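The values are calculated or read from the model by the stated rules, or taken from the named source; none is laboratory data. What you see is a predicted model, and the numbers here were worked out from it, not measured in a lab. Using ideal geometry, Cβ is built from the backbone for each residue, glycine included, and neighbour counts are taken over all protein chains shown.
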Amino acid sequence: MFIKKAAPVINHANTSNTTFDDFDITPNLKINIKNHGYTSTTPIQSQAIKPILEGRDVIGLASTGTGKTAAFLIPLINKLFLNSYQKALIIVPTRELAFQINEEFRHFAYGMHLYSALLIGGANMRRQARDLKRNPQIVIATPGRLKDLIERRSVYLKDYANIVLDEVDLMVDIGFIQDVKYFVSQMPKIRQSLFFSATIPPKVRGILEAFVTNPVTISVKLQDTSENVNQDVIKVSGSGGKIDALHDLLISDGFDKVLVFGRTKHSIDKLLRELEFRGFKAGAIHGNKSQGQRQRILQSFKASEIQILLATDLASRGLDIDNVTHVINYDLPNSYDDYIHRIGRTGRAGKTGFALTFVN
């Protein structure tokens, strides 16, 4: 199960001949897109942007790494810029993904007098309520914090006629399906609805039926990320043998940016202390870390200021980090789906990655 050679990398994510100049969007936005380093579009962008600009509902079947964030942000920003009375709400499953979308929004909307509010757990709720009072054009939220602020009457979903549900299959996986159904029921009936998911399992279909009207469906199916990953096992005996085996791996050539997964917050913190004692530059993220701590550690890892990032499965949701050379499953995952999600953090953007799983 954990041993497999990587298949030859086939990446069609950037094969579109369309450019952003081909779309009817404001010149300010085109300048920001170019300054952000975007030139030609990915397939999900070339197929989704035009119908979104036309006001159509869209179902996008696309996984992380296909450029879907820009596919919905760019036409939404154009719409909000042309009509300052419009508002948009983006609901995502994890803090990290919300943060990443907000960063992309700031790049694309630079100098356009459009503002966002980020509603996520682990951050100050009063500050978020104050941000909402400033009447931002776009709100990016995780379900738990959004529900809290709805109950405090800081957010009225009837005000949002442009809605994005992103990574819906992940929201279902981690228990947010009832919240999502509640949000949909509170939204205006006349709205533009954009729905993005890697898959549409049966539980998601019920949401779809209530969420979109006469939608354009776009499917961008790339080779599974796990196919780009060389997978193998490391046999260990006892806790002492396990940490020594990890040590030996981390000092080997090529282990430049390593993501290590553990099962619990406690085990992650214990492993972090041991690695730091042995002289490694490492950091850890899990549910007990504040959002500020998680973002600082992630930025350090992205900038290669630390070599090793330790994470639990829940904290890993939504992580999008370039050039992760290795994923190490220090503790076995709870399911094979979790395993595939873990190792999908490497072998991205047309590169081959490596995944190693410790077994007794």
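Would a scan of segment 65-74 turn up a residue that is under 17 Å from residue 163 (Cα atoms) and touching a strand residue (DSSP E or B) at 6+ places or on another chain (Cβ under 6 Å)?
Residues of segment 65-74 under 17 Å from residue 163 (Cα atoms): 68-74.
Next cut, touching a strand residue (DSSP E or B) at 6+ places or on another chain (Cβ under 6 Å) only: 68, 72.
Scanning segment 65-74, I find at least one residue that is under 17 Å from residue 163 (Cα atoms) and touching a strand residue (DSSP E or B) at 6+ places or on another chain (Cβ under 6 Å), so the answer is yes.
Would you say residue 111 is at positive phi and either outside the structural domain of residue 343 (by TED's automatic domain parsing) or not aliphatic (A, V, I, L, M) (or both)?
Yes: the conditions hold for residue 111.
Which one is nearest to the chain's Cα centre (by Cα), of the residues in segment 134-147 that are among the charged types (D, E, K, R) and not in a loop (DSSP other than H, G, I, E, B)?
Within segment 134-147, the subset among the charged types (D, E, K, R) is 134, 145, 147.
Right, trim to not in a loop (DSSP other than H, G, I, E, B) and you get 145, 147.
Values: 145: 17, 147: 20 Å.
The qualifying residue nearest to the chain's Cα centre (by Cα) is 145.
Quick check on this structure: which one of 324, 359 is of a type in the set (A, V, I, L, M) and either without any contact (Cβ under 8 Å) to a residue 12 or more places away in the chain or surrounded by fewer than 15 Cβ atoms within 10 Å (Cβ to Cβ) (or both)?
Numbers: 324 fails: either without any contact (Cβ under 8 Å) to a residue 12 or more places away in the chain or surrounded by fewer than 15 Cβ atoms within 10 Å (Cβ to Cβ) (or both).
Going through 324, 359 in turn, the sole match is 359.
Per-residue answers, yes or no, for (1) of a type outside the set (D, E, K, R); (2) within 27 Å of residue 4 (Cα to Cα):
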position	(1), (2)
270	no, no
279	yes, no
285	yes, no
330	yes, yes
342	no, yes
345	no, yes
353	yes, yes
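Taking only segment 34-49 into account, find how many residues are within 19 Å of residue 109 (Cβ to Cβ) and crowded, with 22+ Cβ neighbours inside 10 Å.
4
Among the residues of segment 46-90, which ones are under 22 Å from the mean Cα position of the chain (by Cα) and more than 25 Å from residue 117 (Cβ to Cβ)?
46, 47, 59, 61, 62, 63, 65, 66
All but one of (1) surrounded by fewer than 13 Cβ atoms within 10 Å (Cβ to Cβ); (2) closer than 30 Å to residue 83 by Cα; (3) in contact (Cβ under 8 Å) with a residue 60 or more places away in the chain hold for residue 237; which doesn't?
(2)
Residues that are in contact with a strand residue (DSSP E or B) (Cβ under 9 Å, 6 or more places away or on another chain) and either over 28 Å from residue 130 (Cα atoms) or at pLDDT below 90 (or both): find the helices (runs of 4 or more DSSP H) completely inside segment 148-246 holding 3 or more of those.
Details: elements: 168-173, 177-186, 202-211.
Answer list for segment 148-246: 168-173, 202-211.
In this structure, is residue 133 over 23 Å from residue 302 (Cα atoms) and either surrounded by fewer than 18 Cβ atoms within 10 Å (Cβ to Cβ) or not aromatic (Phe, Trp, Tyr) (or both)?
Working: over 23 Å from residue 302 (Cα atoms): yes; either surrounded by fewer than 18 Cβ atoms within 10 Å (Cβ to Cβ) or not aromatic (Phe, Trp, Tyr) (or both): yes.
The answer is yes for residue 133.
Restricting attention to segment 48-69, report how many residues are more than 12 Å from residue 220 (Cα to Cα) and modelled with pLDDT of 95 or more.
Within segment 48-69, the first condition is being more than 12 Å from residue 220 (Cα to Cα), and the residues that meet it are 49-58, 69.
Restricting the remaining residues to those that are modelled with pLDDT of 95 or more gives 49-58.
Result for segment 48-69: 10.
Might you let me know whether segment 263-270 holds any residue that is in contact (Cβ under 8 Å) with a residue 24 or more places away in the chain, over 25 Å from residue 123 (Cα atoms) and among the hydrophobic types (A, V, I, L, M, F, W, C)? Explain how you work it out, then say what you get.
Within segment 263-270, the first condition is being in contact (Cβ under 8 Å) with a residue 24 or more places away in the chain, and the residues that meet it are 263-265, 267-268.
Checking which are over 25 Å from residue 123 (Cα atoms) leaves us with none.
The answer is no, given that none of the residues of segment 263-270 is in contact (Cβ under 8 Å) with a residue 24 or more places away in the chain, over 25 Å from residue 123 (Cα atoms) and among the hydrophobic types (A, V, I, L, M, F, W, C).
Identify, from the list 36, 113, the residue that is farther than 25 Å from residue 191 by Cα and not aliphatic (A, V, I, L, M).
Numbers: 113 fails: farther than 25 Å from residue 191 by Cα.
Every option except 36 fails the conditions.
State whether one or more residues within segment 283-295 are surrounded by fewer than 23 Cβ atoms within 10 Å (Cβ to Cβ) and hydrophobic (A, V, I, L, M, F, W, C).
No, segment 283-295 contains no residue that is surrounded by fewer than 23 Cβ atoms within 10 Å (Cβ to Cβ) and hydrophobic (A, V, I, L, M, F, W, C).
Kindly evaluate residue 169 against the criterion of being within 19 Å of residue 195 (Cα to Cα) and surrounded by fewer than 22 Cβ atoms within 10 Å (Cβ to Cβ).
Yes, satisfied.
Can you find even one residue in segment 203-210 that is surrounded by 17 or more Cβ atoms within 10 Å (Cβ to Cβ), over 25 Å from residue 335 (Cβ atoms) and not assigned by TED's automatic domain parsing to the domain that holds residue 294? Walk me through it before giving the result.
To start, the set of residues in segment 203-210 that are surrounded by 17 or more Cβ atoms within 10 Å (Cβ to Cβ) comprises 204, 207-208.
Next, from what is left, pick out any that are over 25 Å from residue 335 (Cβ atoms): none.
No, segment 203-210 contains no residue that is surrounded by 17 or more Cβ atoms within 10 Å (Cβ to Cβ), over 25 Å from residue 335 (Cβ atoms) and not assigned by TED's automatic domain parsing to the domain that holds residue 294.
Do we have residue 268 as touching a strand residue (DSSP E or B) at 6+ places or on another chain (Cβ under 7 Å) and not basic (Lys, Arg) here?
Yes: the conditions hold for residue 268.
If you go through segment 225-274 one residue at a time, how many are farther than 21 Å from residue 312 by Cβ and basic (Lys, Arg)?
The qualifying residues number 1.
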